[in-house]
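The values are calculated or read from the model by the stated rules, or taken from the named source; none is laboratory data. Everything numeric in this text was worked out from a predicted model, so none of it was measured. Methodologically, a virtual Cβ is constructed for each residue, glycine included, from the backbone with ideal geometry; neighbour enumeration extends over all protein chains shown. Keep in mind that these areas ignore ligands, DNA and RNA; they rest on the heavy atoms of the full protein, side chains included. Shrake-Rupley method; radii C 1.70, N 1.55, O 1.52, S 1.80 Å.
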Amino acid sequence: MTFLSIVSRGLMRRPVRTGLTMIGIAIGIAAVVALVGMSRGFQTSWTNGLKTRGTDIVVSNMGSALTPKPFAATQADKIKSLPHVAAICTLMVDLISVEKADMMIVSARQWGGFSWGNLKIVSGRLPKDEKEKAVVLGQTAADVLKKKVGDTLQLETDELQVVGIVDGGAIVENGSVILSLSLYQEITGNDGKINVIDLRMTPGTTKEEAAELTERINSLVPEAKAVSAGDNIRNSQGYRIINAMSWGTSLLAVLVGVLGVMNTMLMTVFERRQEICILLAVGWRRGRVVRMILWESALLGFLGGIGGVVLGVIGVKILITAPAIKGLLEPDLNAVLLAQAVVISVVVGVISGLYPGWRSSRLMPSQALHG
Amino acid sequence: MATTNAGDECVFEAIALKKEYDDGQVQALRGVDLRIHTGEFVAIVGQSGSGKSTLLQMLGALDHPSSGQLLYRGKSLEESSDLAAYRAREIGFIFQAFHLLPTFTALENVQIPMFETSRPVAERKTRAMELLKAVGLEKRVHHFPSKLSGGERQRVAIARSLANGASVLLADEPTGNLDSENAGYIMDLIVNLHREHNVTLVMVTHDMGIAHRATRVIAMRDGHIVSDGAGVPSAVS
Ligand SMILES: Nc1ncnc2c1ncn2[C@@H]1O[C@H](COP(=O)(O)OP(=O)(O)O)[C@@H](O)[C@H]1O
Ligand SMILES: [Mg+2]
């Protein structure tokens with residue numbers, strides 16, 4: 001019989017309570033996995049979207065909202081001829097409700113800009129010119145909106161023709177309604193306004209030169225901020241709030257799990273007072289008794305953590321099929337996050353066992369063994 | 001070697017040993033002076049509440065005395081830095097209520113004290129098996145305590161007390177919860193350990209019949225030793 005079998009026997013003596021405690025911690029951990037995985041997924045999806053558009057630097061004003069603030073399109077002219085700039089493409093990116101979909105990415109792109117370049121036509125065609133009252137839909141967007149080539153799409157108050165379905169190569173691209181910038185400006189009455197400039201650098205630009213370029217842009221266009229494509233979303237305050245909230249919310253759920261584990265371990269120590277006294281009486285060191293309690297609660301945390309990861313992953317897989325989320329993001333359930341979640345759970349277990357362990361170590365062997 | 005003669009070495013020496021409970025409201029031991037030598041079989045008798053169990057618990061370091069001195073083989077137990085090792089290796093404790101761990105089988109219960117030794121896991125099991133065989137329980141090793149009779153439980157407890165080769169056995173009314181047939185068997189088992197392995201035996205009992213098998217009978221009342229029949233020969237041949 002090994003120490004671990006003693007530890008697991010301790011948990012097995014009350015299978016229902018152990019199970020319920022594990023479910024408690026598992027729910028907390030599942031919340032971590034789901035919320036953090038989703039918010040990270042939002043980030044990576046966005047970044048991947050930029051990458052497939054061939055964007056190296058994004059100029060936008062990521063305020064506290066999820067979509068950037070508009071500014072004058074003329075600002076783009078200041079940037080165009082800076083050194084190391086290969087091409088720019090101005091955009092208006094919005095997150096609005098379109099017909100039955102509550103949240104849809106609308107990506108209006110400068111006619112002829114490079115950001116059209118990555119779109120592979122699945123069916124139909126691209127708009128004929130920038131004035132044609134037409135949109136193309138990413139595959140997922142078409143799916144969510146239930147549209148095919150030839151249908152009409154109501155955007156704000158205008159009826160536009162769906163002329164093509166495209167594969168944008170990234171989840172955000174595929175979840176977008178894509179149309180010409182000037183058409184969208186007209187529809188929304190935002191003449192001369194943009195909120196994103198995609199910038200492609202000349203090949204062979206060094207990191208230092210890129211940094212210098214972003215600095216120049218920032219001084220030329222104070223109402224927006226230039227960041228490298230990878231950093232773009234991470235720097236947005238909106239994203240930061242989402243990220244903080246998902247950690248905050250899920251850690252709150254974990255805290256509830258902590259209380260559950262602590263309660264269970266305390267009860268265990270109380271009801272096993274006599275057994276702990278027996279262990280001490282036959283010569284177990286206090287340290288070994290404390291270790292037994294800590295291992296028990298760590299094991300409880302570990303098993304709860306594994307359960308939570310499974311629960312979280314399944315939950316996310318179900319969640320992303322929901323129409324409201326579909327096409328907006330791809331959850332980022334990487335191995336590191338899942339391992340982090342299990343580690344959190346084990347740490348939670350150990351911490352919850354500290355006080356009960358300390359309690360058990362203060363018992364005198366005679367205390368429960370009189371007679 | 002069947003001897004009931006006390007050796008010369010002093011196993012326990014208590015000097016003015018006192019134990020109070022509840023902040024002095026209960027005085028369980030009121031100054032006990034006592035010497036117990038290697039190989040002795042000491043019976044402690046006395047009315048309920050006279051302090052017999054308390055004295056035994058002091059000897060087994062299951063609790064701290066309130067004052068006075070207690071030496072084990074010449075060394076103060078209070079000053080010992082490692083009472084756990086003392087409990088694990090030197091002493092075997094046998095309780096009236098058996099005090100087995102309910103979630104472990106007989107075989108596992110006997111292995112519990114061996115966690116404080118460097119004995120390899122496989123060897124622990126073999127040794128526990130041998131010990132259970134020695135108390136006649138080889139057929140019940142995988143039973144949980146709840147599936148064993150009182151007599152069988154006490155036999156497991158005896159095997160456990162010997163797990164790490166204790167040289168001193170402390171038994172607190174070991175047959176108090178047993179019927180006379182089982183009690184006889186358990187007594188024989190314990191007395192044989194004392195005789196055949198020269199184990200020093202201190203036993204609390206209220207059964208004068210049992211007490212007469214001892215080499216020495218100590219009577220207690222109100223936390224004092226009121227008579228000590230040291231040197232009184234055993235009634236058993
Ligand atoms: N843990 C304790 N707390 C308070 N009083 C105790 C405790 N243990 C024993 N006593 C008291 O100490 C006295 C001696 O008890 P004990 O040693 O168990 O006597 P015996 O074994 O001779 O029956 C009794 O009055 C008992 O009530
Ligand atoms: Mg007693």
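For A:Ser176, list long-range residues whose amide hydrogen, built 1.01 Å from N in the peptide plane, is under 5 Å from its own amide hydrogen.
A:Gly138, A:Ala141
HN-Hα J couplings of the stretch B:126-138 from phi, Karplus 6.51/-1.76/1.60, θ = phi - 60°, integer Hz, Gly and Pro as x?
Each residue of the stretch B:126-138 in turn: 4, 5, 4, 4, 4, 5, 5, 5, 4, 9, x, 10, 4 Hz.
Would you report the distance distribution of C-alpha pairs in the stretch A:96-135 as whole percents per 5 angstrom bin, up to the bin with the largest distance?
5, 18, 23, 24, 22, 8, 0
Rounded to the nearest 500, what is the 222 nm mean residue ellipticity of chain A from helices alone, with -39500 (n - 2.57) per DSSP H run of 4+ residues and division by all residues?
Details: 12 runs with 196 residues, N = 371.
Result for chain A: -17500 deg cm²/dmol, rounded to the nearest 500.
Put B:His142, B:His99 in order of accessible area, largest first, 1.4 Å probe: what do you get? Could you put the intermediate results ahead of the total?
On the way: B:His142 120, B:His99 15 Å².
From most accessible down to least: B:His142, B:His99.
If we count every other residue with Cβ under 14 angstrom of B:Thr54's Cβ, Lys/Arg +1 and Asp/Glu -1, where does the sum land? Working shown, then result.
Details: positive: B:Lys18, B:Lys19, B:Arg30, B:Lys52, B:Arg221; negative: B:Glu20, B:Asp22, B:Asp63, B:Asp172, B:Glu173, B:Asp222.
Net charge around B:Thr54: -1.
Given a cut-off of 26 Å, name the pairs among A:Lys51/A:Lys207; A:Lys100/A:Lys225; A:Lys80/A:Lys225 whose C-alpha atoms lie farther apart than that in the structure shown.
A:Lys100/A:Lys225
Remind me, relative contact order of chain A in percent, using alpha carbon pairs under 8 angstrom and six or more residues apart?
31
Taking +1 at the Cβ of each Lys and Arg and -1 at the Cβ of each Asp and Glu, which of A:Val166, A:Ala210, A:Tyr184 sits farthest along the dipole of the stretch A:69-223 towards its positive end, judged by Cα position relative to the Cα centre?
Projecting each Cα onto the dipole axis, the largest value belongs to A:Val166.
Given a 1.4 Å probe and heavy atoms of the protein chains only, how would you sort A:Arg240, A:Arg362, A:Arg109, A:Arg53, largest accessible area at the top?
A:Arg362, A:Arg240, A:Arg53, A:Arg109
In chain B, with Lys and Arg counted as +1 and Asp and Glu as -1 at Cβ, which of these residues, B:His206, B:Gln111, B:Leu34, has the Cα nearest the positive end of the dipole, that is, farthest along it?
So the residue furthest toward the plus end is B:Gln111.
Return the average number of partner chain Cβ atoms within 10 angstrom of each residue Cβ along peptide A:283-291.
Per-residue shielding by partner chains comes out at 5.
Just check the stretch A:69-223 against the gyration tensor rule for me: Cα atoms, a ≥ b ≥ c as the square roots of the eigenvalues, rounded for a/c under 1.5, and otherwise prolate or oblate depending on whether a/b exceeds b/c.
Prolate.
Helix-derived [θ] at 222 nm for chain B: sum -39500 (n - 2.57) over DSSP H runs of at least 4, divide by residue count, nearest 500? Working shown, then result.
Values: 6 runs with 62 residues, N = 237.
For chain B, the value works out to -8000 deg cm²/dmol.
What distance in nm lies between label points placed 7 Å from Cα along the C-beta direction at A:Met245 and B:Glu181?
Those two pseudo-labels are separated by 7.6 nm.
Search the structure for amide H atoms under 5 Å from the amide H of A:Phe71, placed 1.01 Å from N in the peptide plane, and list their residues when 5 or more places away or on another chain.
A:Ile194, A:Asn195
Determine the order of B:Ser81, B:Ser66 by accessible area, beginning with the largest, at a probe radius of 1.4 Å.
Most to least solvent-accessible, the answer reads B:Ser81, B:Ser66.
Rounded to the nearest 20 debye, what is the charge dipole size of chain B about its Cα centre when +1 sits on each Lys and Arg Cβ and -1 on each Asp and Glu Cβ?
620
What is the sum of charges, Lys and Arg at +1 and Asp and Glu at -1, for the other residues whose Cβ falls under 9 Å from the Cβ of B:Leu148? Show your work: numbers first, answer last.
Numbers: positive: B:Arg140, B:Lys147, B:Arg153, B:Arg155; negative: B:Glu152.
Every neighbour counted, the sum reads +3.
Show me, for the stretch B:145-156, the HN-Hα J-couplings you get by feeding each phi into the Karplus relation (A = 6.51, B = -1.76, C = 1.60, θ = phi - 60°), rounded to Hz, glycine and proline as x.
Once rounded to whole Hz, the list reads x, 5, 9, 10, 6, x, x, 5, 4, 5, 5, 4.
Once you charge only the Cβ atoms, +1 for Lys and Arg and -1 for Asp and Glu, what is the size of the charge dipole of the stretch A:69-223 about its Cα centre, to the nearest 20 debye?
It works out to roughly 300 debye.
Taking a probe of 1.4 angstrom, what is the accessible area of B:Glu196 in Å², to the nearest 10?
120
If each residue of separation counts as 0.36 nm, what is the full-extension length gain between A:Ala211 and A:Phe270 once their alpha-carbon separation is subtracted?
Roughly 15.0 nm would be gained on extension.
All other residues with a Cβ under 14 Å from the Cβ of B:Val26 taken together, and with Lys, Arg as +1 and Asp, Glu as -1, what is their net charge?
-2
Assign one of three labels to the protein assembly as shown, namely rounded, prolate or oblate, based on the Cα gyration tensor with a ≥ b ≥ c the square roots of its eigenvalues; rounded applies when a/c is under 1.5, prolate when it is not and a/b is larger than b/c, and oblate otherwise.
Prolate is the answer for the protein assembly as shown, as a/c is 1.5 or above and a/b outweighs b/c.
Placing unit charges on C-beta atoms (Lys and Arg positive, Asp and Glu negative, everything else neutral), compute the dipole magnitude of the stretch A:251-307 about its Cα centre in debye, rounded to 20.
Result for the stretch A:251-307 is approximately 280 debye, rounded to the nearest 20.
Would you list which aspartates and glutamates come within 18 Å of B:Lys139, measuring only between C-alpha atoms, while excluding same-chain residues fewer than 8 positions from it?
B:Lys139 reaches B:Glu108, B:Glu130, B:Glu152.
At R0 = 60 Å, how high is the FRET efficiency between B:Arg221 and B:Arg119 if r is their beta carbon distance? Nearest 0.05 is fine.
0.90
By how many degrees, between 0 and 90 and to the nearest 10, does the Cα long axis of helix B:180-197 differ from the longest principal axis of chain B?
The helix B:180-197 is inclined about 80 degrees to chain B.
State the answer as a single residue: which of A:Asn118, A:Val310, A:Met201 lies farthest towards the positive end of the charge dipole of the protein assembly as shown, with beta carbon charges of +1 for Lys and Arg and -1 for Asp and Glu, about the Cα centre.
A:Val310
Whole-Hz ³J(HN,Hα) for each residue in the stretch B:101-108, computed from phi via Karplus 6.51 cos²θ - 1.76 cosθ + 1.60 with θ = phi - 60°, x for glycine and proline: what do you get?
With coefficients 6.51, -1.76 and 1.60, one gets 7, x, 8, 10, 5, 3, 4, 6 Hz.
Only helices at least 27 Å long along their own axis, judged from Cα atoms, and with Kyte-Doolittle mean hydropathy of 0.0 or greater: name those in chain A from DSSP H.
Helices passing the filter in chain A: A:15-52, A:237-271, A:286-319, A:335-361.
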